[in-house]
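Contents: one structure, followed by commentary.
The values are calculated or read from the model by the stated rules, or taken from the named source; none is laboratory data. Quantities reported herein were computed from a predicted structural model and do not represent experimental measurements. Every residue, glycine among them, receives a Cβ derived from its backbone with ideal geometry; neighbour counts consider all protein chains shown.
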Ligand SMILES: *Cc1c(COP(=O)(O)O)cnc(C)c1O
C-alpha cells in the first residue's frame, strides 16, 4: 500500500479530500486550469500543439490503457490531466482540421465549448420535467423549429402541439442510429397494433403478431446505400437483419423504383408484411438523395410508414437554393436529422421528427414514480432513459447561426464539393467516381492511360486493373492518414460503368467551413506524391504491364 502511494505519488483518501473534489476549483496555475484556459483562449492552437500529427499504431496506444486495476488511492488531478494531454489528446484525431475531409465530424463553432460547460454544470436530465424544468420546453421548441423547417405546418398547428401533454413532434436522442430505431419502432408498433382480442405487438411480441395477422415475417425496405443503423434496427425490432431488404440503386446511387415495386410484389406472395420504406436524404457514402416524392407515392399506395433518413442531408432544408433536392420529405411520416453532423453541435445528439404528433404514442411507456400518464415528461416516448440537455446546444446553434447562417454553410459545402469534383475531372491522373449532389463524393487515383485501357479492355483485364487500382487507392489513403497532414476516408462502391464490380474509392465530406479550394488541391497533391513514391511496387509494375499490352 505504502509502495503504491509512493509510486504514483497518490493523494491521500479522506472524506475531506473527496469533498474538495466536489466543491473546490483547481488552483489558477494548476495543470487542469492551464489546459482549460488554453482551450478557451485558442482552441485551434491548443489542438495544433497537442495532437501529434503522425499516426501511432493503435496496438502501441493500447499499451497505455492496459491496466484493469482501478487505482486504490486517488491520482492527483494535475497528474491525471497531464496523462490525458500526453496519452489521449496527443493521440486524438484532429477532426476540426480543414484538411481532414473524410469524417462526418468537423469543426465546431467556438461558442459550443463554453456552452457545453454550462450544460454539464447544470446536469439536467430530460427524462422527466422534475429534473429538467426549462430544458423540457426548450427541447420541445427545438423539435418544433426543426419540425417546421421540415414540414412547414401552420402557426395554429404549432400552437396546439408544441407543448401538448400527450403529443410530441419528435424525440431527441444520442444520434442518427437511435433516431432511426425510434422511427421504425413506431412503424412496427402501428403496423401490428391492437386488433380485436390482439393487444398489439408491443405486448405480444413478434411471434404473436405474425400469428394474429397471418404473416410469415415483417420487412423494412431501403436502398443498398442504407446506413448500417437500419440493420441494427431490424435486429433489435425482432424482424431480423435479413428482413431489412436492400433494393438496388441506379448510377446516381438512388433507389431503383421499379426494383422496389417488384420486391413489394414478391413480398406479398411470400406473406411477408413490409411496414416501412426508408428514403435516404444524403447517403453516408456518396451523399445522394433518393427520389423522395415518388417513394412517398409508393409508400402511400402500399400502406407503408415512410421514413426519411436525413441524418446527413436534413440541414439542406435551410438552403432555399437547395431544399428542393429533398422534395417529398414533407410527406414522410418521420425524418431523422443528426445534430452532431451538419448542425455543428458536439457529438452525441440527433433527433427524429414525426409529421403526425400522435405517432409517438405507439411506443409510450409509463412508470409509477416517473413519466406518469399525462405528464409532460419526455422520457415516456424516448428509447433512452436518462438523457443530457444537449438540446440546449442545438437551440443555441439554431439561434446564433440562424436559418440564414446554416443555409450559407450548407451552400458553401455543396459548392465547394462541386468545384472540387469539377477540378478532379480535369486531372489526368484521377477519376471522379460519384458526382456530388450534396457535399460528399468519391474519386480515385487512375492515370489517363489506365482509364483509357479500362474502356477498351476485355472483362478479365478490366477486373484485374480495377483490383490493382483498389489496392493502390487503399495504400494511398492509409499512407496519407498516417502522415497526419490530411485525411480522406475510403469506401467500396459498385459503379455501373464497371459492371457492378466493387472498387475502392476515396470519399470526401466537405462540411468544414474552414476547408478551401487550396486545401483540397494540397490533398490531391499529397496523394499524387504518395502514388509517385509507389512507382516500384509490384502493383504499379503490374498495372503498367496491363496498360502496355493494349498497344
Ligand atoms: C450518420 C448517419 C446515421 C447514423 O447516425 P449516428 O449519429 O452515427 O448514430 C444514420 N444514417 C445516415 C444517413 C447517416 O449519415
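Do we find a residue being under 25 Å from residue 376 (Cα atoms) and either at pLDDT 95 or above or not assigned by TED's automatic domain parsing to the domain that holds residue 285 (or both) anywhere in the stretch 202-219? Checking the stretch 202-219: at least one residue is under 25 Å from residue 376 (Cα atoms) and either at pLDDT 95 or above or not assigned by TED's automatic domain parsing to the domain that holds residue 285 (or both). Among residues of the stretch 128-154 that are in the same structural domain as residue 355 (by TED's automatic domain parsing) and without any contact (Cβ under 8 Å) to a residue 40 or more places away in the chain, those with a Cβ under 7 angstrom from a residue that is surrounded by fewer than 19 Cβ atoms within 10 Å (Cβ to Cβ) and in a helix (DSSP H, G or I), sequence gap 6+ or separate chain, pair up as 144/158; 148/158. For the stretch 325-348, indicate whether the set of residues that are farther than 28 Å from residue 204 by Cβ and over 24 Å from the mean Cα position of the chain (by Cα) is non-empty. No, that holds for no residue.
Residues checked against (1) in a strand (DSSP E or B); (2) away from the ligand (no atom under 16 Å from the Cβ); (3) surrounded by fewer than 23 Cβ atoms within 10 Å (Cβ to Cβ):
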{"position": "242", "(1), (2), (3)": "no, yes, yes"}
{"position": "246", "(1), (2), (3)": "yes, no, yes"}
{"position": "259", "(1), (2), (3)": "no, yes, yes"}
{"position": "264", "(1), (2), (3)": "no, yes, yes"}
{"position": "267", "(1), (2), (3)": "no, yes, yes"}
{"position": "276", "(1), (2), (3)": "yes, no, no"}
{"position": "279", "(1), (2), (3)": "yes, no, no"}
{"position": "294", "(1), (2), (3)": "no, yes, yes"}
{"position": "298", "(1), (2), (3)": "no, yes, yes"}
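Within 24 Å of residue 511 (Cα to Cα) and assigned to a loop (DSSP other than H, G, I, E, B), is that true of residue 55? Taking the combined requirement at face value, the residue satisfies it.
Yes/no per residue for (1) more than 17 Å from residue 528 (Cβ to Cβ); (2) touching a helix residue (DSSP H, G or I) at 6+ places or on another chain (Cβ under 6 Å); (3) without any contact (Cβ under 8 Å) to a residue 60 or more places away in the chain; (4) not in a strand (DSSP E or B):
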{"position": "406", "(1), (2), (3), (4)": "yes, yes, no, yes"}
{"position": "412", "(1), (2), (3), (4)": "yes, no, no, yes"}
{"position": "428", "(1), (2), (3), (4)": "no, yes, yes, yes"}
{"position": "436", "(1), (2), (3), (4)": "yes, yes, no, yes"}
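Run residue 388 past the list (1) over 19 Å from residue 162 (Cα atoms); (2) more than 22 Å from the chain's Cα centre (by Cα); (3) crowded, with 16+ Cβ neighbours inside 10 Å and report the number of the one that doesn't hold. Of the numbered conditions (1) over 19 Å from residue 162 (Cα atoms); (2) more than 22 Å from the chain's Cα centre (by Cα); (3) crowded, with 16+ Cβ neighbours inside 10 Å, the odd one out for residue 388 is (2). Check the stretch 170-184 and report whether any residue there is part of a helix (DSSP H, G or I), assigned by TED's automatic domain parsing to the domain that holds residue 394 and away from the ligand (no atom under 16 Å from the Cβ). No - not one qualifying residue is present in the stretch 170-184. For residue 254, state whether it is surrounded by fewer than 19 Cβ atoms within 10 Å (Cβ to Cβ), in contact with a strand residue (DSSP E or B) (Cβ under 9 Å, 6 or more places away or on another chain) and not assigned by TED's automatic domain parsing to the domain that holds residue 492. In short, no.
Got a sec? Which of 100, 83, 65 is over 30 Å from residue 15 (Cα atoms) and at pLDDT 90 or above? Criteria check complete, one pass: 100.
Total residues in the stretch 185-219 satisfying the condition of being out of contact with any strand residue (DSSP E or B) (no Cβ under 8 Å at 6 or more places or on another chain) and away from the ligand (no atom under 16 Å from the Cβ): the figure is 16.
When you check residue 290 against the structure, is it within 12 Å of the ligand (Cβ to nearest atom) and more than 17 Å from the chain's Cα centre (by Cα), yes or no? Answer is yes for this residue. Being in contact with a strand residue (DSSP E or B) (Cβ under 7 Å, 6 or more places away or on another chain), modelled with pLDDT of 95 or more and more than 16 Å from the ligand (Cβ to nearest atom) is a property that residue 147 has. When we screen 490, 471, 483, 507 for residues that are under 23 Å from residue 107 (Cα atoms), surrounded by 14 or more Cβ atoms within 10 Å (Cβ to Cβ) and more than 23 Å from the chain's Cα centre (by Cα), the only hit is 483.
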